[in-house]
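Engineer: Before I ask anything, let me first share the structure, which is written out below as structure tokens.
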Amino acid sequence: MLKINNLHASIEGKEILKGISLEVKPGEVHAIMGPNGSGKSTLASVLAGRDLFDVTEGTVEFLDQDLLDMAPEDRARSGLFLGFQYPVEIPGVSMVNFMKTAVNEHRKHNNLDPLSASDFLKLMREKKEVVDITSNLTNRSVNEGFSGGEKKRNEIFQMAMLDPKMAILDETDSGLDIDALKIVAHGVNKLRTKENATIIITHYQRLLEYIVPDFVHILYKGKIVKSSGKELALELEEKGYDWIKEQ
Amino acid sequence: MTKLETLQSELVNLFDDNTDVLTSNDSDWIRQQRKNALEDFKRLGIPTKKNEAYKYTNLEQYLTGSEYDYELAPLTYEANLDDIFHCDIPELATQIALVLNGFYYKHNRPVDLPQGVILCGLAEATQKYPELVAKHYGKYANTSTNSLAALSSMFAQDGIFLYVPKNVVIETPIQIINVGYSFKNLRVNRRNLIIAEDNAQVSVLFCDHTLCARSFITNSLTEIYTGNNAQVDFTRMQNENSNSSQISNTFIHQEANSTFTSNTLSLHGGLIRNNIYAKLDGEGATNNTYSLFLADGEQHMSTYTNVHHAKPHCFSDQLVKGVLDEKATGAFNGKIYVDVDAVKTEAFQRNNNILLTPTAKMNTKPQLVIYNDDVKCSHGATVGQLDENALFYIRSRGIGYNEAQHLLMYAFANEVVGKIKLEALRERIIDMVDRRLRGELGTCENCNLGQHN
Ligand SMILES: Nc1ncnc2c1ncn2[C@@H]1O[C@H](COP(=O)(O)OP(=O)(O)OP(=O)(O)O)[C@@H](O)[C@H]1O
Ligand SMILES: [Mg+2]
């Protein structure tokens with residue numbers, strides 16, 4: 001469903017991604033780990049279409065489309081979702097209005113009529129339960145004044161609302177207390193199907209206890225230096241990154 | 001002679017040549033005020049860019065270069081009000097009066113207002129209620145330092161007069177439609193007087209429109225008296241064609257514990273210049289001066305404020321926001337002035353602007369002039385672009401670029417519009433701002449007045 005082939009990306013002439021190849025098939029969960037600054041968020045941003053980064057080489061196919069050729073909104077409408085490491089605060093734009101606009105844009109893309117006000121509220125109520133989000137968060141401006149953990153839950157809530165085919169969750173676990181972590185993991189698992197795929201970017205083995213990955217990749221200095229099964233995360237936890245750096 | 005000096009002398013000549021007609025209905029004291037204003041105007045001249053308050057507003061560009069007619073008496077334009085105006089907004093029942101080219105329209109529908117309230121033309125009021133008018137007329141407008149207010153004082157013969165007696169609360173907003181309609185380019189002066197006596201409450205909406213593609217230069221003067229504990233909400237919507245220039249001079253006088261809130265929404269127009277003076281002249285008064293302008297093309301929109309704290313324990317809040325697109329230019333020059341006796345003053349001022357293109361320009365100058373220590377004041381200004389991170393975040397949820405941009409601009413504008421107290425009015429103006437931001441605003445929904453050609 002997602003085929004990344006030899007992807008290079010740079011910012012202001014500085015190369016950050018130095019030839020990444022990765023294939024994700026429907027139903028799979030991939031974890032990407034790696035030290036700070038190795039390019040994990042950059043990879044996520046490039047996949048979501050942030051034009052801050054220049055793609056200098058390589059290709060990305062998503063559901064048989066040339067992903068790199070698509071605007072961010074078209075990627076999202078085709079079923080790609082990015083859970084941001086740092087969700088953006090947007091004062092004055094209400095969560096409700098934001099989500100309503102987003103959901104209806106997705107529906108338009110699928111040739112569906114916009115949701116009625118009551119159907120939309122019903123959908124909101126349903127999905128809020130998935131991440132145990134309180135209603136007053138959805139009555140506020142997007143992420144404005146949300147605590148770190150609330151912002152992360154809000155990302156999962158948006159994911160639930162938009163029902164993506166492929167979700168990339170960038171450190172959705174950091175800043176979460178243990179209960180919240182379980183809730184978020186539970187939310188992700190609930191949305192997991194045979195058709196959907198997930199890429200989880202994380203620093204901690206802990207999340208992977210709840211969302212069990214099929215593959216773990218280690219990104220180091222803009223390259224995937226190691227790929228293996230879920231046991232790799234444990235090994236990392238034990239040995240740290242020096243072990244990778246030495247190789 | 002510069003172009004502005006030429007214009008000045010033309011206007012002085014126009015006044016001299018027509019003094020008889022212009023003053024024919026005047027009582028002595030109004031005639032005297034016109035003469036004083038004439039002297040002020042001669043002495044001050046039309047502000048050039050050397051004038052601090054007009055440094056970034058080039059009046060020459062907008063006020064000179066074309067020929068303009070001047071109406072000394074109301075145009076004999078006969079039409080049924082209902083034919084030109086359908087603003088019967090179901091959610092917003094208002095009492096409506098039309099002012100055509102500066103003259104109170106003679107076929108205005110009768111209004112239904114509480115006992116003692118007066119709504120009529122200012123010219124009529126000076127005849128019928130001379131004492132009431134004399135008590136306030138010219139008392140708040142300062143023509144000795146504002147030559148455009150002086151110009152308006154010289155020429156304006158009519159406008160609206162609204163009187164709300166002591167303790168009277170008017171529930172229904174009063175909507176004044178200021179219309180420019182002419183077969184030739186026209187210079188319009190109008191003068192308004194609004195009096196809210198002690199404990200009175202009223203909400204007034206001004207809608208400034210041009211009804212045709214002619215060029216209008218409107219120079220208006222409005223005096224508003226807010227008595228002890230009175231509450232006045234003043235919303236002004238400016239929606240004129242790009243050939244037209246509008247200068248408004250508003251002088252607000254506030255007594256103790258009064259609350260005055262203005263929302264000025266400049267949606268469209270060639271030049272819009274709003275000069276707002278508020279004097280908080282009684283303890284415990286509150287003044288809110290809010291303004292939003294949305295400029296594109298080569299429009300210029302500028303705001304000058306002067307909020308004067310003359311007595312202790314007053315509160316003022318100024319918020320001016322602008323969105324500038326294409327080659328639009330804007331300016332903000334705002335002042336908080338705190339007298340030596342005005343202790344325990346709280347005064348705030350903020351100006352935020354968004355430039356949508358590299359060719360749009362904004363100049364902003366917030367100022368504090370404070371003559372005592374016992375105050376809480378703040379001011380600040382920003383000029384920036386839409387937040388790229390926010391734009392990307394929104395787009396990453398499947399919302400297209402234009403819609404994402406719209407959401408952000410709407411949110412930006414909504415901070416001002418959201419402060420309009422009356423819900424029905426707020427909803428409607430939010431809707432207009434929304435459509436203006438989408439570039440769809442031509443008419444006011446149910447009203448065929450504001451058509452731009
Ligand atoms: N906007 C930017 N401008 C300049 N450099 C950037 C920018 N964004 C990222 N970088 C650089 O790219 C490199 C990779 O950053 P990235 O955020 O992808 O790392 P990461 O693996 O997600 O790290 P972390 O674990 O700390 O989140 C870093 O050296 C970072 O400084
Ligand atoms: Mg990161």
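The values are calculated or read from the model by the stated rules, or taken from the named source; none is laboratory data. Predicted model, so just to flag it, every value in this text is computed and none were measured. Cβ coordinates were reconstructed from backbone atoms using ideal geometry, including for glycine residues, and neighbour counts include every protein chain displayed. With ligands, DNA and RNA removed, areas are computed over all heavy atoms of the protein, side chains included. Shrake-Rupley method; radii C 1.70, N 1.55, O 1.52, S 1.80 Å.
Engineer: Take segment B:197-224 and flag every residue that is open to solvent by 10 Å² or more (accessible area, probe 1.4 Å), touching an Asp or Glu at 6+ places or on another chain (Cβ under 9 Å) and not polar (S, T, N, Q).
Structural biologist: Matches in segment B:197-224: B:Asp198 only.
Engineer: Can you tell me which residues in segment B:183-196 are open to solvent by 10 Å² or more (accessible area, probe 1.4 Å) and either over 18 Å from the mean Cα position of the chain (by Cα) or of a type in the set (Ser, Thr, Tyr) (or both)?
Structural biologist: Passing the criteria: B:Phe183, B:Lys184, B:Asn185.
Engineer: Continuing with this model, one more query. Please enumerate the residues belonging to segment B:396-438 that are without any contact (Cβ under 8 Å) to a residue 40 or more places away in the chain and either within 20 Å of B:Thr264 (Cα to Cα) or of a type in the set (Phe, Trp, Tyr) (or both).
Structural biologist: Result: B:Tyr401, B:Tyr410, B:Ala411, B:Asn414, B:Gly418, B:Glu423, B:Arg426, B:Ile430, B:Asp431, B:Asp434, B:Arg435, B:Arg438.
Engineer: Kindly evaluate A:Asp177 against the criterion of being closer than 24 Å to A:Gln205 by Cβ and either among the acidic types (Asp, Glu) or away from ligand 1 (no atom under 16 Å from the Cβ) (or both).
Structural biologist: Details: closer than 24 Å to A:Gln205 by Cβ: yes; either among the acidic types (Asp, Glu) or away from ligand 1 (no atom under 16 Å from the Cβ) (or both): yes.
Judged against the criteria, A:Asp177 is a match.
Engineer: Turning to a different aspect of this structure: Restricting to segment B:118-138, name every residue that is in a loop (DSSP other than H, G, I, E, B) and within 26 Å of B:Arg187 (Cβ to Cβ). Talk me through it step by step, then tell me what you get.
Structural biologist: Start the filter on segment B:118-138 by keeping residues that are in a loop (DSSP other than H, G, I, E, B), which leaves B:129, B:137-138.
Of everything in segment B:118-138, those that are in a loop (DSSP other than H, G, I, E, B) and within 26 Å of B:Arg187 (Cβ to Cβ) turn out to be B:Tyr137, B:Gly138.
Engineer: Tell me which residues, restricted to segment A:154-174, are among the acidic types (Asp, Glu), under 24 Å from A:His106 (Cβ atoms) and within 16 Å of ligand 1 (Cβ to nearest atom).
Structural biologist: Pass one, segment A:154-174, residues among the acidic types (Asp, Glu): A:155, A:163, A:170-171, A:173.
Of the ones still in play, those that are also under 24 Å from A:His106 (Cβ atoms) are A:155, A:163, A:170.
Correct list: A:Glu155, A:Asp170.
Engineer: When the residues of segment A:80-101 are filtered to those that are more than 9 Å from every other protein chain (Cβ to nearest Cβ) and open to solvent by less than 10 Å² (accessible area, probe 1.4 Å), which remaining residue is nearest to B:Glu415 (Cα to Cα)? Talk me through it step by step, then tell me what you get.
Structural biologist: Kept after step one, since they are more than 9 Å from every other protein chain (Cβ to nearest Cβ), are these residues of segment A:80-101: A:83, A:85, A:95-96, A:100.
If we keep only those that are open to solvent by less than 10 Å² (accessible area, probe 1.4 Å) too, we end up with A:83, A:95.
Working: A:Gly83: 28, A:Met95: 16 Å.
Checked segment A:80-101; the qualifying residue nearest to B:Glu415 (Cα to Cα) is A:Met95.
Engineer: Now for a separate question. Kindly list, by first and then second residue, each pair from a residue in segment A:38-51 that is closer than 20 Å to A:Ile244 by Cβ and within 14 Å of chain B (Cβ to nearest Cβ) to a residue that is among the hydrophobic types (A, V, I, L, M, F, W, C) and near ligand 1 (Cβ under 6 Å from one of its atoms), limited to pairs with Cβ atoms under 8 Å and residues at least 6 apart or on different chains.
Structural biologist: A:Thr42/A:Ile11; A:Thr42/A:Ile16
Engineer: Could you tell me whether any residue of segment A:53-72 is open to solvent by less than 50 Å² (accessible area, probe 1.4 Å), acidic (Asp, Glu) and assigned to a loop (DSSP other than H, G, I, E, B)?
Structural biologist: No, because not a single residue in segment A:53-72 is open to solvent by less than 50 Å² (accessible area, probe 1.4 Å), acidic (Asp, Glu) and assigned to a loop (DSSP other than H, G, I, E, B).
Engineer: Could you list all residues from segment B:26-46 that are small (Gly, Ala, Ser) and farther than 14 Å from B:Leu11 by Cα? Give the steps one after another, and end with the answer.
Structural biologist: Let us first name the residues in segment B:26-46 that are small (Gly, Ala, Ser), namely B:27, B:37, B:45.
B:Ser27, the sole residue that qualifies.
Engineer: Taking the criterion of being basic (Lys, Arg), within 14 Å of another protein chain (Cβ to nearest Cβ), open to solvent by 20 Å² or more (accessible area, probe 1.4 Å) and part of a loop (DSSP other than H, G, I, E, B), would at least one residue in segment A:164-175 satisfy it?
Structural biologist: yes
Engineer: State the number of residues belonging to segment A:137-163 that are assigned to a helix (DSSP H, G or I) and either without any contact (Cβ under 8 Å) to a residue 12 or more places away in the chain or of a type in the set (Asp, Glu) (or both). Write out each step before concluding.
Structural biologist: Kept after step one, since they are assigned to a helix (DSSP H, G or I), are these residues of segment A:137-163: A:137-138, A:148-162.
Keeping just the survivors that are either without any contact (Cβ under 8 Å) to a residue 12 or more places away in the chain or of a type in the set (Asp, Glu) (or both) gives A:150, A:155.
Total meeting the criteria: 2.
Engineer: Restricting to segment B:3-34, name every residue that is surrounded by 14 or more Cβ atoms within 10 Å (Cβ to Cβ) and among the charged types (D, E, K, R).
Structural biologist: B:Lys3, B:Asp26, B:Arg31, B:Arg34
Engineer: Look at A:Ile168 and say whether it is within 16 Å of ligand 2 (Cβ to nearest atom), touching a residue at least 24 places away in the same chain (Cβ under 8 Å), aliphatic (A, V, I, L, M) and under 29 Å from A:Gly37 (Cβ atoms). Spell out how you get there, then give the answer.
Structural biologist: Working: within 16 Å of ligand 2 (Cβ to nearest atom): yes; touching a residue at least 24 places away in the same chain (Cβ under 8 Å): yes; aliphatic (A, V, I, L, M): yes; under 29 Å from A:Gly37 (Cβ atoms): yes.
So A:Ile168 fits the description; yes.
Engineer: Quick one: count up the residues across segment A:140-185 that are on the phi > 0 side of the Ramachandran plot and in contact with a Pro (Cβ under 6 Å, 6 or more places away or on another chain).
Structural biologist: Kept after step one, since they are on the phi > 0 side of the Ramachandran plot, are these residues of segment A:140-185: A:143, A:145, A:163, A:171, A:175.
Okay, now just the ones that are also in contact with a Pro (Cβ under 6 Å, 6 or more places away or on another chain), so A:143.
Number of matching residues: 1.
Engineer: Test each condition in (1) over 19 Å from A:Val24 (Cβ atoms); (2) at the interface with chain B (Cβ under 9 Å from one of its Cβ atoms) for A:Arg75 and report the one that comes out false.
Structural biologist: Going through the list (1) over 19 Å from A:Val24 (Cβ atoms); (2) at the interface with chain B (Cβ under 9 Å from one of its Cβ atoms), A:Arg75 breaks only (1).
Engineer: Considering only residues of segment A:7-37 that are polar (S, T, N, Q) and more than 19 Å from A:Phe215 (Cα to Cα), which is farthest from the other protein chains (Cβ to nearest Cβ)?
Structural biologist: From segment A:7-37, those polar (S, T, N, Q) are A:10, A:21, A:36; that's our starting set.
Still in the list and also more than 19 Å from A:Phe215 (Cα to Cα): A:10, A:36.
Values: A:Ser10: 18, A:Asn36: 20 Å.
For segment A:7-37, the residue satisfying everything is A:Asn36.
Engineer: Then there is this: Within segment A:1-51, take every residue that is in contact with a helix residue (DSSP H, G or I) (Cβ under 7 Å, 6 or more places away or on another chain) and open to solvent by 20 Å² or more (accessible area, probe 1.4 Å) and give me the one that is farthest from ligand 1 (Cβ to nearest atom).
Structural biologist: Looking at the filtered set, the residue picked out is A:Arg50.
Engineer: Quick check on this structure: which one of A:Ala71, A:Ala48, A:Ala9, A:Ala76 is modelled with pLDDT of 95 or more, of a type outside the set (Val, Ile, Thr) and in contact with an Asp or Glu (Cβ under 7 Å, 6 or more places away or on another chain)?
Structural biologist: Only one candidate qualifies: A:Ala9.
Engineer: Which one of A:Asn104, A:Asn139 is within 14 Å of another protein chain (Cβ to nearest Cβ) and polar (S, T, N, Q)?
Structural biologist: Values: A:Asn139 fails: within 14 Å of another protein chain (Cβ to nearest Cβ).
Of A:Asn104, A:Asn139, the one residue that is within 14 Å of another protein chain (Cβ to nearest Cβ) and polar (S, T, N, Q) is A:Asn104.
Engineer: Identify all residues within segment A:228-247 that are open to solvent by 50 Å² or more (accessible area, probe 1.4 Å) and in a helix (DSSP H, G or I); write none if there are none.
Structural biologist: Those that are open to solvent by 50 Å² or more (accessible area, probe 1.4 Å) and in a helix (DSSP H, G or I): A:Glu231, A:Leu234, A:Glu235, A:Glu237, A:Glu238, A:Lys239, A:Asp242, A:Lys245, A:Glu246.
Engineer: May I pose another question? Identify all residues within segment A:203-233 that are touching a helix residue (DSSP H, G or I) at 6+ places or on another chain (Cβ under 7 Å) and within 15 Å of ligand 2 (Cβ to nearest atom); write none if there are none.
Structural biologist: Passing the criteria: A:Leu207, A:Ile218, A:Leu219, A:Tyr220.
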